[in-house]
Amino acid sequence: YKTFDGDLKWDHQDVTYRILNYSPDMESSLIDDAFARAFKVWRDVTPLTFTRLFEGTADIMISFGKADHGDLYPFDGKDGLLAHAYPPGEGIQGDAHFDDDEFWTLGKGPAVKTLYGNADGAMCHFPFTFEGRSYTSCTTDGRTDNLPWCSTTSDYNKDKKFGFCPSELLYTFGGNADGAKCVFPFTFLEKEYDSCTTEGRNDGYRWCATTSNFDTDKKYGFCPSRDTAVIGGNSEGEPCHFPFVFLGKEYNSCTSEGRGDGKLWCSTTGNYDEDKKWGFCPDQGYSLFLVAAHEFGHALGLDHSSIREALMYPMYTYAEDFSLHQDDIEGIQYLYGSGTGPKPTTPEPDTPSTTSNPDPDETDSTDEPKPTDVPNPTTPSTVDPDKDACKTLKFDTITVIEGVLHFFKDGHVWKVPSRGDAGHKGALSISERWPALPAVIDSAFEDVLTKKIYFFSGTRFWVYTGKSVLGPRSIEKLGLPSSVQKVEGALQRGKGKVLLFSGENFWRLDLKTQKIDRGYPKYTDVVFGGVPNDAHDVFQYKGHIYFCRDRFYWRMNSRRQVDRVGYVKYDLLRCP
Amino acid sequence: WSIPLKSVFVTFPGDIVKNMTDVELAESYLKKFGYINTVQRSGFQSMTSTDKALKRMQRQLGLEETGQLDKQTLDAMKQPRCGVPDVAN
């Protein structure tokens, strides 16, 4: 490994980052998630923490741009240079830029996260069959409203699971229209537009008005790329037109003819020779997670490694099951020391880990493509099995929020309703509901009186009231000693008092004064006999106190007797 | 017998990537990533020979150090990569 001259590094461990804009290639939650996972790669082996900011100046400012994008190092179109980042420091130092002439994916072709429909935001499954035909991309077949959709399992007719694919007919991103969909036709500088356009901009991004007249309303947003859209060229966002004529010959698929670099391209009209409209065909793309993890290595102070298998090797290689090379670990630990947090034990798959709850009121979820058969969900879902709560051995924290049991793990949360026999729901992204929080939550509780939700991570805590947040603040402000490195459990005792557990001790916090009461800490095993004194989750649920260690729980009744020991997975998560 | 296709290269409008010869590509690569034309600490520029720059690049990227613009080296130069220079300027 190599560091930059002078061993440039951050002089603080709580590094902040901010995502300034998004690529049209992937839905924003997938991009958020890819960056969060890329930071986690480094967090897992250092004492560094990464907090996302939504305004102001962060240590690491992340942006997408094309060609000349505002610094002295322009990008070079598709392929070639993918991204760059600056070593730690003030101003542009520490920032990471990603070339938006690349096709950003999770490394294995278009990463299409669905919206609405009935698949709870799952990823499209390509190929899928519908009405006996196989589809390798989103389609408008079976619909009259021209909205592209896909199946989220391999067989729509069997499973009936579907969602809508990103398109300008569904939403926009960025801009000033809060994600409203495009309105066509719209007027811009007194000219009428029937599709997204790059007119009026010099950065090549496609946009549309979200009312019928931009000139009067000034409302606009950027258009998400459809999975079938060409990349770059002079027709970005348009679909290939097959067949097309090139140098007098007809082509029914993408071709590398006419190019010296072997890249596949197509015409976006029926005749290239006449119209000269073209773009590159969608390919596997580059894993935003892997490239971001590399760039963040630079932003933390690592230069290029000469070891081919290392993350900091300058060339891109896709790795399905990524794990940090020992060379990278030694490099980053040379700068920041080793981490106190959990060590990675399993490779990181480059798959999205978020699903969202699309608003069913906005799009009719019963408006299925073409229902024919009775649903029979036998084919596998594309939800990543590694994000399956039932395969999680140890959760970061378990707590009850709004009467619902929440299971937190590495940026994700699963929910189990307290009533009925329904199983768990998720994985949901923590950042979607509580954007200010880091990926790992050590402990959380909801104040039953004020409904404020307290989250603890390392030596910091946040307080959410609805959507507004206070923090992060140091737990030392509450009166916890500096020796406490994390709060592992929280137990509401009556109104206004909460027990905070760490190691073999617990403290009582007065929520009104926001201070630890006198007479604490106390030993956990003295007050709560019969439970492990190294429990990593402590919470109250349906009148019982639960102490969790790895996959097991110890349940204590109101007389402080352990009345049950069981599996978290089966009894609390309701796994089959 | 099929007649081999005679490839014709065209200039695509809006294409940032220009058709370059192998030597042009190598020169551009070695400059862009800091292997030649590096500024010395004393302040003046020194142009290392292309052979030396190629060797340096081959060493950095774990390739066989031939000092020649061989296929392996050219292939490496065509790979997608990070834009941060390998040799600090």
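Annotations
- Flag if A:Glu274 is of a type in the set (Asp, Glu) and within 24 Å of the chain's Cα centre (by Cα): no
- Strands (runs of 3 or more DSSP E) (entirely within segment A:1-108) containing at least 1 residues that are free of Cβ contacts under 8 Å to residues at least 60 places away in the same chain and at positive phi: none
- Taken across segment A:56-64, residues that are within 25 Å of the chain's Cα centre (by Cα), closer than 30 Å to A:Gly121 by Cα, buried (at least 22 other Cβ atoms within 10 Å of the Cβ) and modelled with pLDDT under 95 do not occur at all.
- Test: residue in segment A:510-517 that is more than 26 Å from A:Ala389 (Cα to Cα), in contact (Cβ under 8 Å) with a residue 60 or more places away in the chain and more than 27 Å from the chain's Cα centre (by Cα): yes
- Hey, A:Phe214 surrounded by 19 or more Cβ atoms within 10 Å (Cβ to Cβ) and in contact (Cβ under 8 Å) with a residue 24 or more places away in the chain or not: yes
- Condition met for A:Thr3 (β-branched (Val, Ile, Thr) and either within 14 Å of chain B (Cβ to nearest Cβ) or surrounded by fewer than 18 Cβ atoms within 10 Å (Cβ to Cβ) (or both)): yes
- In the condition set (1) crowded, with 20+ Cβ neighbours inside 10 Å; (2) modelled with pLDDT under 95; (3) out of contact with any Ser or Thr (no Cβ under 8 Å at 6 or more places or on another chain), A:Asn252 is compliant with all but (1).
- Flag for A:Ser418 being of a type in the set (S, T, N, Q), in a helix (DSSP H, G or I) and in contact (Cβ under 8 Å) with a residue 24 or more places away in the chain: no
- Residue in segment A:90-104 that is within 30 Å of A:Trp414 (Cα to Cα), buried (at least 24 other Cβ atoms within 10 Å of the Cβ) and under 21 Å from the mean Cα position of the chain (by Cα) present: yes
- Residue count for segment A:427-472, restricted to those that are assigned to a strand (DSSP E or B) and either closer than 21 Å to A:Lys40 by Cα or hydroxyl-bearing (Ser, Thr, Tyr) (or both): 17.
- Put simply, of B:Ala53, B:Ala88 the only residue that is surrounded by fewer than 17 Cβ atoms within 10 Å (Cβ to Cβ), modelled with pLDDT under 95 and not charged (D, E, K, R) is B:Ala88.
- The set of residues from segment A:278-320 being outside any loop (DSSP other than H, G, I, E, B), more than 8 Å from chain B (Cβ to nearest Cβ) and touching a residue at least 60 places away in the same chain (Cβ under 8 Å) comprises A:Phe280, A:Ser287, A:Leu288, A:Phe289, A:Leu290, A:Ala292, A:Ala293, A:Phe296, A:Gly297, A:Ala299, A:Leu300, A:Leu302.
- In segment B:64-89, the residues that are within 30 Å of A:Asp7 (Cβ to Cβ) and facing chain A (nearest Cβ under 7 Å) reach residues that are modelled with pLDDT under 95 and not in a loop (DSSP other than H, G, I, E, B) with C-beta atoms within less than 6 angstrom, at least six apart or across chains, in these pairs: B:Asp86/B:Gln60.
- Checking A:Gly80 against (1) surrounded by fewer than 22 Cβ atoms within 10 Å (Cβ to Cβ); (2) away from every other protein chain (no Cβ under 14 Å); (3) out of contact with any helix residue (DSSP H, G or I) (no Cβ under 7 Å at 6 or more places or on another chain); (4) not polar (S, T, N, Q), the condition it does not meet: (2)
- Evaluated against (1) more than 28 Å from A:Arg201 (Cβ to Cβ); (2) buried (at least 20 other Cβ atoms within 10 Å of the Cβ), A:Met315 falls short on exactly one condition, (2).
- Hey, A:Tyr220 over 30 Å from A:Val45 (Cβ atoms) and in contact with a helix residue (DSSP H, G or I) (Cβ under 8 Å, 6 or more places away or on another chain) or not: yes
- Unmet criterion (only one of (1) surrounded by fewer than 16 Cβ atoms within 10 Å (Cβ to Cβ); (2) under 26 Å from the mean Cα position of the chain (by Cα); (3) more than 26 Å from A:Ser287 (Cα to Cα)) for A:Arg143: (2)
- Every residue from segment A:164-209 that is assigned to a loop (DSSP other than H, G, I, E, B) and over 22 Å from A:Ser23 (Cβ atoms): A:Val183, A:Phe184, A:Pro185, A:Leu189, A:Glu190, A:Asp194
So that you can scan it fast, the table gives a plain yes or no per residue for (1) modelled with pLDDT of 90 or more; (2) among the basic types (Lys, Arg); (3) in contact with a strand residue (DSSP E or B) (Cβ under 9 Å, 6 or more places away or on another chain); (4) buried (at least 18 other Cβ atoms within 10 Å of the Cβ):
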{"residue": "A:Leu428", "(1), (2), (3), (4)": "no, no, yes, yes"}
{"residue": "A:Pro435", "(1), (2), (3), (4)": "no, no, yes, no"}
{"residue": "A:Ala439", "(1), (2), (3), (4)": "no, no, yes, yes"}
{"residue": "A:Phe455", "(1), (2), (3), (4)": "yes, no, yes, yes"}
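- Positions within segment A:531-540 being under 29 Å from the mean Cα position of the chain (by Cα) and either assigned to a strand (DSSP E or B) or more than 13 Å from A:Glu504 (Cα to Cα) (or both), in sequence order: A:Asp537, A:Val538, A:Phe539
- Checked against (1) in a loop (DSSP other than H, G, I, E, B); (2) among the β-branched types (Val, Ile, Thr); (3) under 22 Å from A:Phe222 (Cβ atoms), A:Thr144 passes all but a single condition, namely (3).
- Condition met for A:Ser235 (within 13 Å of another protein chain (Cβ to nearest Cβ) and out of contact with any helix residue (DSSP H, G or I) (no Cβ under 6 Å at 6 or more places or on another chain)): yes
The values are calculated or read from the model by the stated rules, or taken from the named source; none is laboratory data. Keep in mind that this is a model prediction, so the values were computed, not measured. No Cβ is skipped: glycine too gets one built from the backbone with ideal geometry, and neighbour counts run over all protein chains shown.
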